[in-house]
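First comes the structure, then the notes that go with it.
Only the coordinates and a few stated rules stand behind these numbers; no lab work does. Note that the coordinates shown come from a computational prediction; the quantities given were computed from them, not determined experimentally. A quick note on method: Cβ atoms are made from the backbone with ideal geometry, for glycine too, and the neighbour counts reach across all protein chains shown.
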Amino acid sequence: MKVGLSWDLAGDDASVLWPVVNLEAEAGDNLGYDSLWIGESRDRTCSCPSPAVWLTYLARRTKSAQLRAIRLVTHANPVRVAEEFAVLDGFCRGRAGIAFAAAGAAPGQVQETIDFVSHAWALDEFRYRGEHIRFPAHTPDDAPAGASTPQRTAPCVPQWEWGPEPPDYLTVTPKPYATHPPVHAEITDDDILEWAAVHGVSPLITAATPTAEAVERLARYRATADAHGRSRAEVEPVLERRLALDGPSDAHTLGGSPHELAEAIRAATSQAAVTHLVWRRGEGSNGDLFRFASDVQPLLQT
Amino acid sequence: MEFWTGAIGITKMRMIPSALANGYDLFAQDAASAEEMGFDAYGAPEHHFTYDAFLPFPLGALAAAAANTTKIRLVTGAMLQPLYDPLEAAEHAATLDVLSGGRVILGLGMGYRPLEFDGIGTEKRTRGARLREAMEVIRAATAQETFTHHGAHYHYDNVTLRPAPVQRPIEMWLCGGTTEAAARRAGKAGLPYWLANSPYERAEVMVKAYREAGREAGWPDEQLRVAAFKDVFIGDTMGEAEFLRKMMIDTFYAEHILGYGYLVDDEGNHVYNPDENHPMYRQFLDSLFCGTLDETIRELKRYEALGVDAMFFPSIQRELISTRIIPEFK
């Protein structure tokens, strides 16, 4: 099982807190934690509204860990998101990944954003007609729904000879370093759960959801995916939890001695077919990174 | 006068083929190198949907530069502001400002390539007005605890930027334009002005127009700051310098300056792929200074005498600029 780190970003001064997070991220990378997660938020003094900027900073401070962002669909221009993460993926040589959270957006907008970004990374010249996204903006109403590509009808004209008329199809550049960067959907309602399971999009449940509910949703995701013939190998279900090493468990926290904690993690993740646990650092979560890596992680792997 | 320098590695240049990820490594290392050489700022530009995978997100790339450096300022030059929501731009900038310990400078341009506006999904016609309004929004967002803004293009009510940047406000420059009208608009708005590559005589006219408009509008002199992009090609002989300039044109400018409508004539029309005798092309060539080391120093001293606060040089011949030119100005 993979284990990653995320942070609460609770504090009075980002100039003080963020360097501490950076040190933990670098330590986590050195200790073999598999992923580092920065979530987009604006509700606290030390919130991070731009995970791509922060993670591109961490790209140069880390060597191995996956760099994962949680982006809010309501604040995301999907073209820019595709570009930001391609740049990040280049700087970290294929370690970038992204999760989309609805944050109040309609399930259809979440689905369309994921569909658009995946096509932007995979295709060369294309256009996109959706309910929420038109790319390029002048794409006509009678264009095929979703992504479509041009028919080759004339010899190639180099881009710098196109002149002032915007073309009907564009290529989003640069492309990510990895062929298919990991893409997750935060499972906040049944529509997104069903769509993600049917389409092979990896699920994520954050620490805000109680453990029992998170496990139930992820188990339902797996059952739906199985019913539609999707392979377990194609997705990476992620469960974010608070962990309390030598501390008590509660609705959002898994706790106990190293052995008890490993048992609690294994119980939760096996029910939900989770392959990637993210340790949410901050309030109600404690234990040092080294001790978890040395005392708990081996119990999760055997 | 400050010395700023441009990035390498942010595109796959046609005549210098390389993997983009190698270019990104080089970019981050190059920032540290520029810092060691004594440059005051390291810059990254922005373009979208290009055949050569040009960098579309300068503040992201500069975050990688921030991680490799400790004191050099990190400047966007130019970031195409009308392609962003201003608050979103302020958020990216504030994030980098915190990570870098207050080293961000925003050089903001209005953009000119139609395909970029169509691809991002924003109107091109109003880009100048939106750039100036966006700079008001970014100033308010990065300077004030909470701000409200209702303008012609952008509306915000009681917004608090989180995290607060280290700089209050974040330093900003309005980039570009090669016409007096553009300079006057910047002066009237009291915005620090970053000239596009221009021959000295043109730059002199524009700086005077900028300051005149600024003073007429009541802005104090210390706010009417000027920076200038300046490509210089230095050789032992003029022939050697001109060879270097030709190399830059063949590898990059022949496409990026000539093919996308960067050049604008006196009527405000964008010029696409002009022949080499076109007056705008001749003016552009004249803006790329060629000379010996002594001639280059004399040319830059003219800009210093004009009161230019910062000069931005491309990465070519950076070591020579560092060891032989910067000491003449410090």
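If you take the charge dipole of the protein assembly as shown about its Cα centre, with +1 on Lys and Arg Cβ and -1 on Asp and Glu Cβ, which of B:Met206, B:His278, A:Ala101 is farthest toward its positive end?
Result: A:Ala101, furthest along the dipole toward the positive end.
Return an integer: the convex hull volume of the alpha-carbon atoms of the stretch B:53-132, in Å³ per residue.
87 Å³
If one computes P(r) from the Cα atoms of the stretch A:1-56, what percent of pairs lie at distances over 18 Å?
In whole percent, the long-distance tail amounts to 30.
Give me the percent relative contact order of chain B, please, defined on Cα pairs under 8 angstrom at least 6 residues apart.
Normalised by residue count, the contact order of chain B is 17 percent.
Any idea what the dipole of the stretch A:28-151 comes to, in debye rounded to 20, about its Cα centre with Lys/Arg Cβ at +1 and Asp/Glu Cβ at -1?
560 debye
By Kyte-Doolittle mean hydropathy of at least -0.5 and Cα axial length of at least 18 Å, which whole DSSP H helices of chain A are selected?
What comes out of the filter, once short or polar helices are dropped, is A:14-31, A:78-91, A:107-122, A:211-227, A:258-271.
Considering the Cα trace of chain B, what is its radius of gyration and what is Dmax, both in angstroms?
19.0, 60
Please list, in chain and number order, the residues 5+ apart from A:Ala99 or on another chain whose amide H is under 5 Å from its amide H, with Hs placed from the backbone.
A:Ala69, A:Ile70, A:Arg71, A:His184
Could you tell me which of A:Pro166, A:Ile265, A:Trp195 has its Cα farthest along the dipole of chain A towards the positive end, charges placed at Cβ (Lys, Arg +1; Asp, Glu -1), taken about the Cα centre?
Final value for the positive-end residue is A:Ile265.
Based on the Kirkwood radius over alpha-carbon pairs, what is the Stokes-Einstein translational diffusion coefficient of the stretch B:1-76 at 10 °C with 1.306 mPa s viscosity, in µm²/s?
My calculation gives 128 µm²/s for D.
Could you give me the radius of gyration and the Dmax of the stretch A:71-152, taking only the C-alpha atoms into account and expressing both in angstrom?
13.2, 41
Suppose we take every Cα in the stretch B:74-219 and form the convex hull; what volume per residue is that in Å³?
114 Å³
Over 25 Å between Cα atoms, which of B:Lys71/B:Lys124; A:Lys63/A:Lys175; B:Lys208/B:Lys301; A:Lys2/B:Lys71 qualify?
Check vs 25 Å cut-off fails for B:Lys71/B:Lys124; A:Lys2/B:Lys71.
For chain A, with a Gaussian network of springs between Cα atoms less than 10 Å apart, report the residue from A:Arg80, A:Arg281, A:Arg242 with the top mean-square fluctuation.
It is A:Arg80.
Mind listing the Cα extents of the stretch A:1-157 along all three principal axes, in Å, largest one first?
Principal axes ranked by extent give 55, 34, 31 Å for the Cα atoms.
Over the alpha carbons of the stretch B:1-144, what is the largest minus smallest coordinate on each principal axis, giving the biggest first in Å?
Sorted from largest, the Cα extents of the stretch B:1-144 read 39, 39, 27 Å.
Scaled to the compact-protein estimate 2.2 N^0.38 Å, what is the alpha-carbon radius of gyration of the stretch B:160-236, rounded to two decimal places?
Ratio of Rg to 2.2 N^0.38 Å for the stretch B:160-236: 1.29.
Calculate, for B:Asp294 and B:Arg168, the FRET efficiency according to 1/(1 + (r/R0)^6) with r their C-beta to C-beta distance and R0 41 Å; round to the nearest 0.05.
It comes out at approximately 0.45.
Kindly provide the helix-only [θ] at 222 nm of chain A, computed as the sum of -39,500 (n - 2.57) over DSSP H runs of four or more divided by all residues, to the nearest 500 deg cm²/dmol?
Dividing the helical sum by the residues of chain A leaves -11000 deg cm²/dmol.
Considering the dipole of the protein assembly as shown built from charges on the beta carbon (Lys and Arg +1, Asp and Glu -1) around the Cα centre, which of A:Gly28, B:Gly176, A:Ala212 is farthest to its positive end?
Going by the charge dipole, the pick is A:Gly28.
Once amide H atoms are placed 1.01 Å from N in the peptide plane, what residues at a sequence separation of 5 or more from B:Ala44, or on another chain, have their amide H within under 5 Å of its amide H?
Under 5 Å from the amide H of B:Ala44 lie the amide H atoms of B:Val75, B:Thr76, B:Gly77, each far enough along the sequence or on another chain.
I need to check one value: relative contact order of the stretch A:190-302, counting alpha carbon pairs closer than 8 Å and at least 6 residues apart, in percent.
Answer for the stretch A:190-302 is 27 percent.
Using Cα-only point scatterers and the Debye equation, what is log10 of I(q)/I(0) for the stretch B:179-317 at each q in 0.09 Å⁻¹, rounded to two decimals?
Listed by q, the Debye log ratios stand at -0.29.
For B:Glu2 and B:Glu240 in one chain, what is 0.36 nm times their gap in residues minus the Cα-Cα distance, to one decimal in nm?
Working it through step by step, the gained length comes to 83.0 nm.
Let me spell out the model: positive unit charges on the Cβ of Lys and Arg, negative unit charges on the Cβ of Asp and Glu, origin at the Cα centre of the stretch A:190-302. What dipole size does that give, in debye rounded to 20?
Its charge dipole is roughly 180 debye.
Let's test the formula: R0 of 56 Å, r as the Cβ-Cβ distance of B:Met247 and B:Ala129. What FRET efficiency results, to the nearest 0.05?
Here the calculated transfer efficiency is 0.90.
Would you mind finding the longest exposed-site-free stretch of chain B, with exposed GluC sites (Glu not before Pro) meaning DSSP loop and at most 11 other Cβ atoms within 10 Å?
B:1-144
Which value, in debye to the nearest 20, describes the size of the charge dipole of chain B about its Cα centre when Lys and Arg Cβ atoms bear +1, Asp and Glu Cβ atoms bear -1, and nothing else is charged?
Its charge dipole is roughly 500 debye.
Under a plain spin-label model, where a point goes 7 Å from the Cα along Cα-to-Cβ, how far apart in nm are A:Glu234 and A:Asp13?
Reported label-point gap for A:Glu234 and A:Asp13 is 5.1 nm.
Among bridges DSSP assigns within the protein assembly as shown, what percent are antiparallel (round to 5)?
Once the DSSP bridges in the protein assembly as shown are tallied, antiparallel ones form about 15 percent.
In whole angstrom, and with the biggest value first, how far do the Cα coordinates of chain A range along each principal axis?
Its Cα atoms span 68, 45, 34 Å along the three principal axes.
Pick from B:Val207, B:Val271, B:Val308: which is most flexible by mean-square fluctuation in a GNM of chain B where alpha carbon atoms under 10 Å apart are linked?
Of the options given, B:Val271 has the highest mean-square fluctuation.
I need the trypsin sites (Lys or Arg not before Pro) found in the stretch B:99-198, filtered to DSSP loop residues with at most 14 other beta carbons within 10 Å of theirs.
B:Arg125
How large, in Å, is the stretch A:190-302 by the Kirkwood hydrodynamic radius built from its alpha-carbon pairs?
It works out to 14.4 Å.
Over the C-alpha atoms of the stretch A:196-239, what are the Rg and the largest Cα-to-Cα span, Dmax, in Å?
Both quantities, over Cα of the stretch A:196-239: 10.2, 30 Å.
Could you state the orientation-averaged shadow area of the convex hull built on the Cα atoms of the protein assembly as shown, in nm² to one decimal?
Taking a quarter of the hull surface, the average projection is 29.0 nm².
Taking neighbour counts of Cβ atoms within 10 Å as a proxy for exposure, in what order, fewest first, do A:Ser35, A:Ser231 appear?
A:Ser231, A:Ser35
Determine the relative contact order of chain A: mean sequence separation of Cα pairs under 8 Å and six or more apart, normalised by residue count, in whole percent.
Normalised by residue count, the contact order of chain A is 17 percent.
Label points 7 Å out from Cα along the Cβ direction at B:His278 and B:Thr148: separation in nm?
That separation, rounded to one decimal, is 4.9 nm.
Residues with amide H under 5 Å of A:Ala244's amide H, sequence separation 5 or more or different chain, H placed in the peptide plane at 1.01 Å from N; which?
Those lying under 5 Å, H to H, from A:Ala244 are A:Leu254, A:Gly255, A:Gly256, A:Asn286.
Work through the residues other than A:Asp189 whose Cβ is under 15 Å from its Cβ and net out their charges, Lys, Arg +1 and Asp, Glu -1.
Net local charge, A:Asp189 excluded: -4.
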